[in-house]
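This report refers to the structure that appears directly beneath it.
The values are calculated or read from the model by the stated rules, or taken from the named source; none is laboratory data. In this text, all values refer to a predicted model and were calculated from it rather than measured experimentally. Positions of Cβ are generated from backbone atoms using ideal geometry, with glycine treated the same way; all protein chains shown enter the neighbour counts. What goes into the accessible areas is simple: the full protein's heavy atoms, side chains included, and nothing from ligands, DNA or RNA. Shrake-Rupley method; radii C 1.70, N 1.55, O 1.52, S 1.80 Å.
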Amino acid sequence: CIDAEDRRRQTKRLEQALLTVSACDRLRCAVDRLHTAAAAAHRSSVQSISRRSSMKSARPEVPAHLEDEVHELRSELLWIVLGEDDAPAVPYWEPYIGRVQRPFWLPEKGPGNAYVPPEKWGLTLRQWAAFIAACFMGDGPDYMTFDRSSGEGRDADLVTFYHIVDAFVKPWTDGIGSSVSLLLNNHRPLKAELLISHAWGESVVETMSAVLSRAFSMGLTLDAVVWFSAFSMYQPGDEPGDCGPTIAEQQALGPLSAVLAANPPDGLIAVQTSRGEFFSRLWCLHELSEASAAERAVTTAPSLKHTVEQQLRFSRSGASAPSRVDASRSACRFPDDERRLKSEATARRGSIEALSEFATAFRAASFDESLCVAKMLVQWCEHAEQILKEKDLVDGMIEKVRCAAIYLSLHCLVAECEAAGGIEQAQRLLVLDKARRTIEPMQLPGKRATHASPAQRTPPFFDASRRCDDLAFLHRLTDEKDDLLWECISGLERFLMPVGYLEMGAGGRMKSKNKDIDDIRGRIGARPGGFRPSLFHVPEDLSLQFTVPFGGPRRCFVELCSAASLRGADALGTSDPYCMCGVLGKPQTRCKTHYKKRTLAPQWFEAFEIKDYTAGDTLEFLVMDHDTVSKDDFLGWAKLSNDELQAGFWEGDLDLADDGKHGSVGQRSQGWISVRVFLTGGDLPDDVTKERAPERDPGTPAALRCFAEVVRAEGLRSSDVVGRSDPYCILGVVGKSSTRQQTAYKSRTLTPAWNQAFCLAGYVLGESIELIVMDHDVVTSDDFMGRAVVAGDQLKNKFFEGWLDLQDDGNHGATGQRSKGRMFVRIFLTGG
């Protein structure tokens, strides 16, 4: 007979032996891969020895993530062999991160992953970045320092999501049964709009910059809902004595299939970084394969560091394509998962070889985009180094994007703290200190080159409307005694340069104004799921190919974006600028923005329709300084003539000048203003060229594009017990379910204001567009509230604007018959 204590000891030894065998196998595989990579790097360095004189370093480059993996596996093996009693007292992750107090804004109760459908395990992009920022607010190595060297001589960029989960996610959610996402949204779980696929072993900060870059380039906001496995799944479930659910129990719910079946409007993004090989993780290949099979949009999200390093590496080697993906060598952390995923891949595609071919094709397409972006950026840096007299601009651009991501994460952290009741003074000072160190690297290059214009100093893919050339403003941001930085962190719209750098890191917005990149993204299958909530941000890529929707009354829409380098009209050297716009000679048509306090580089981003606009009119722009007591001061004037509006769309900067009406004050005008103008309706003369791209073959028609803005609804049916609803709208082409996209839901209202715009990919002239209003529910299925259709005949003039009555679609029985209310939409077509 064996007593209970002996049985427990024998079971523990057996488990320890099994863990040791598993760890040894994984360590041996990692060492083999490390040796293979080292040998390949050595061969490459020998072949390129003649070119070493032009290289910064002749040392063969071995993938750092393999060294990290070997180091972590050795630590794990040591832990298992020594046993719990003799194990080191310091966790393996502490030299990298340190200890951090649990955020007060992270709730301690949640609905439980076992009781909420997996597609509603989402969290907003703001919550995602805020949680990451909170993990680095402790006593460990500062991930804000630009040498990124910790006291142990280790690179702080070695912090991976394995560290984040073990150091913070598990302790902060232990015994609760709810993941980070369900704790943050415990009252109303969020349905995922974007699935993020990543390798787990990559740098956390680099991943953050890659995800934010791609999100902003797609036109997403920080309110976009993402599904991120480390934060969406309950991680401590496998710990001894935990309440669960375990990882296996959550996997049994089919979270990936559930998220894809829920038709996330923004699809899946594949994160690629310089550390942690995406295609070596079998889970990543599985997620790519399933998303493609479900016909969801799949987009690559490379970090700028990965993009540039890949371009430099391939330019040195002379290779024309990236290496082939071998799915049979891709692995999982747990052998059971690896066997199951390879079996599913064989069932789905016929063989592992077919999965390898699919992954190789995706890698090649994403490589083309990265190569195009990096090539343009590197060429600009090499040219700018001569003009601006600066060195290492390529590394500087990478650092700028990294700092921009850190700044954005701090903004998100402050937003979560403020929403939870405020932030303590000590943490406020810590946030300010970290933020100040990101400002200096983010300034445009060539700040000392007074001969260089802002255009010469602006990198490719950087939106001019995000530019900040006010050196006095930037100096105040780094002043410890000034509260301006806190205002900018709290209100992101006051300082948009970080957003500009993040967009630049992904090759600009999806509407990149670069035909090569647009064609590549079309092959990848990238499809932006939403834009900023303004009609006037939608046609950004149409400066290359744009056809005016004609017929019907002529209408003029203007967006006043920003200004820079304005004259300081106040005693302190600043101004409170606002802008007026209208038709020259028709003062009754003027529209006016709100004024911005104490700045010489205001960011307005306000849109208007200019009434009484007719063909041939000239638009004028008047920038003024707001004064409370005295009369407002004149800052500058600009105009946009009819000749510049012949193509129907104009975007750019206008220099401010004297209007001849303000004497010596007018002569001191300086700076410029960024605007967008969009015309619809009217009949164009036959001699007007409607396409703006002179380099495109005139015989090739511009591609037909369909843009829809879902504005608002009213008079909806109440679906909830309290007499309210949580409405959202699904829109798409009738009969093409793959084109469907949806707005965010609005809580407890019968008059929602969505103001969201979308691009309906695959639209063909003459097709009808349907809009379905649903009521969002957490526990039960969402309720049908009504359907409306914009028929193809209503789009003959390529523009529709108006109210649509909601009706029954015939598929929801008595519920559909109770449909009521109406909704307001705008739809316009371009090209074709």
Revision key, fill the gap. When ILE406 is run through (1) open to solvent by less than 50 Å² (accessible area, probe 1.4 Å); (2) in contact (Cβ under 8 Å) with a residue 12 or more places away in the chain; (3) not in a helix (DSSP H, G or I), the failure sits at (3)
Point to revise | Positions within the stretch 555-580 being in a strand (DSSP E or B) and of a type in the set (D, E, K, R), in sequence order | key: ARG555, GLU559
Point to revise | Cβ pairs under 8 Å, 6+ apart, first in the stretch 760-773 and more than 11 Å from LEU806 (Cβ to Cβ) and touching a residue at least 40 places away in the same chain (Cβ under 8 Å), second part of a strand (DSSP E or B) and open to solvent by 50 Å² or more (accessible area, probe 1.4 Å) | key: TYR763/ARG705; ILE769/VAL789
Study note, to complete from the structure: Note on the stretch 787-819: residues among the acidic types (Asp, Glu) and either under 30 Å from PHE557 (Cβ atoms) or open to solvent by 80 Å² or more (accessible area, probe 1.4 Å) (or both) are ASP793, GLU801, ASP805
Check your understanding: Restricting to the stretch 368-403, what's the tally of residues that are crowded, with 20+ Cβ neighbours inside 10 Å and among the basic types (Lys, Arg)?
Key -> 2
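Every residue, every condition in (1) at pLDDT 85 or above; (2) touching a Ser or Thr at 6+ places or on another chain (Cβ under 7 Å); (3) of a type in the set (Gly, Ala, Ser); (4) assigned to a loop (DSSP other than H, G, I, E, B), yes or no:
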site: THR780; (1), (2), (3), (4): no, no, no, yes
site: GLY786; (1), (2), (3), (4): yes, yes, yes, no
site: GLN794; (1), (2), (3), (4): yes, no, no, no
site: ASN797; (1), (2), (3), (4): no, no, no, yes
Check your understanding: If you go through the stretch 388-409, how many residues are touching a helix residue (DSSP H, G or I) at 6+ places or on another chain (Cβ under 6 Å) and farther than 26 Å from ALA129 by Cα?
Key -> 1
Exercise for review: Could you check, for the stretch 348-355, whether at least one of its residues is in a helix (DSSP H, G or I), basic (Lys, Arg) and within 27 Å of the chain's Cα centre (by Cα)?
Suggested key: no
Review point. Among the residues of the stretch 232-239, is any at pLDDT 90 or above, closer than 30 Å to THR438 by Cα and either not small (Gly, Ala, Ser) or not in a strand (DSSP E or B) (or both)?
Key: yes
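Here is a yes/no grid of residues against (1) at positive phi; (2) buried (at least 20 other Cβ atoms within 10 Å of the Cβ); (3) not in a strand (DSSP E or B):
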residue	(1), (2), (3)
ASP612	yes, no, yes
PHE621	no, yes, no
LYS631	no, no, yes
GLU644	no, no, yes
Study note, to complete from the structure: Residue pairs qualifying under the 8 Å Cβ cut-off, at least six apart or on distinct chains, with the first in the stretch 624-639 being in contact (Cβ under 8 Å) with a residue 60 or more places away in the chain and the second being open to solvent by less than 10 Å² (accessible area, probe 1.4 Å) and aliphatic (A, V, I, L, M), are LEU635/LEU566; LEU635/VAL623; GLY636/LEU566; GLY636/VAL623; GLY636/ILE673
Practice item. Could you grab the pairs with beta carbons closer than 7 Å, sequence gap of 6+ or different chains, first residue in the stretch 110-125 and within 16 Å of GLY244 (Cα to Cα), second one open to solvent by 10 Å² or more (accessible area, probe 1.4 Å) and part of a helix (DSSP H, G or I)? Key: PRO117/ALA258; PRO118/ALA258
Review point. How do the pairs read when you match residues in the stretch 659-679 that are in a loop (DSSP other than H, G, I, E, B) with residues anywhere that are at pLDDT below 85 and among the aliphatic types (A, V, I, L, M), using Cβ under 6 Å and keeping only pairs 6 or more apart or on different chains?
Key: GLY671/ALA564
Review point. Is there any pair linking a residue in the stretch 271-283 that is in contact (Cβ under 8 Å) with a residue 60 or more places away in the chain and hydroxyl-bearing (Ser, Thr, Tyr) to one that is surrounded by fewer than 21 Cβ atoms within 10 Å (Cβ to Cβ) and assigned to a helix (DSSP H, G or I), with Cβ under 6 Å and at least six apart or on different chains, and which?
Key: SER274/GLU309
Practice item. Identify the residue in the stretch 761-786 that is closer than 17 Å to ASN263 by Cβ and touching a His at 6+ places or on another chain (Cβ under 9 Å) and, among all such residues, is least open to solvent (accessible area, probe 1.4 Å). Key: PHE784
Exercise for review: Go through the stretch 194-217 and give me each residue that's part of a loop (DSSP other than H, G, I, E, B) and at pLDDT 90 or above.
Suggested key: HIS198
Practice item. Check the stretch 583-599 and report whether any residue there is of a type outside the set (Val, Ile, Thr), in contact with a Pro (Cβ under 9 Å, 6 or more places away or on another chain), within 14 Å of LEU635 (Cβ to Cβ) and assigned to a loop (DSSP other than H, G, I, E, B). Key: yes
**Study point:** Conditions (1) open to solvent by 40 Å² or more (accessible area, probe 1.4 Å); (2) modelled with pLDDT under 85: number failed by ARG696
**Key:** (1)
Revision key, fill the gap. Residues of the stretch 646-658 being under 21 Å from CYS561 (Cβ atoms) and part of a loop (DSSP other than H, G, I, E, B), in sequence order, are ALA647, GLY648, LEU656
Check your understanding: Considering only the stretch 761-778, how many residues are part of a strand (DSSP E or B), under 13 Å from ILE827 (Cα atoms) and either touching a Cys at 6+ places or on another chain (Cβ under 7 Å) or modelled with pLDDT under 90 (or both)?
Key -> 1
Practice item. Report yes if some residue within the stretch 278-292 is open to solvent by less than 30 Å² (accessible area, probe 1.4 Å), under 25 Å from SER213 (Cβ atoms) and outside any helix (DSSP H, G or I); otherwise report no. Key: no
Study note, to complete from the structure: Here the qualifying pairs (Cβ atoms under 8 Å; residues six or more apart or on different chains; first in the stretch 330-358 and without any contact (Cβ under 8 Å) to a residue 60 or more places away in the chain and of a type outside the set (D, E, K, R); second exposed (fewer than 15 other Cβ atoms within 10 Å of the Cβ) and part of a helix (DSSP H, G or I)) come out as ILE352/SER328; ILE352/THR346; SER356/SER328
Practice item. Hand me the list of helices (runs of 4 or more DSSP H) wholly inside the stretch 436-553 holding 2 or more residues that are at pLDDT 75 or above and among the aliphatic types (A, V, I, L, M). Key: 471-477, 484-490, 497-505
Exercise for review: Within the stretch 710-755, work out how many residues are buried (at least 22 other Cβ atoms within 10 Å of the Cβ) and part of a strand (DSSP E or B).
Suggested key: 10
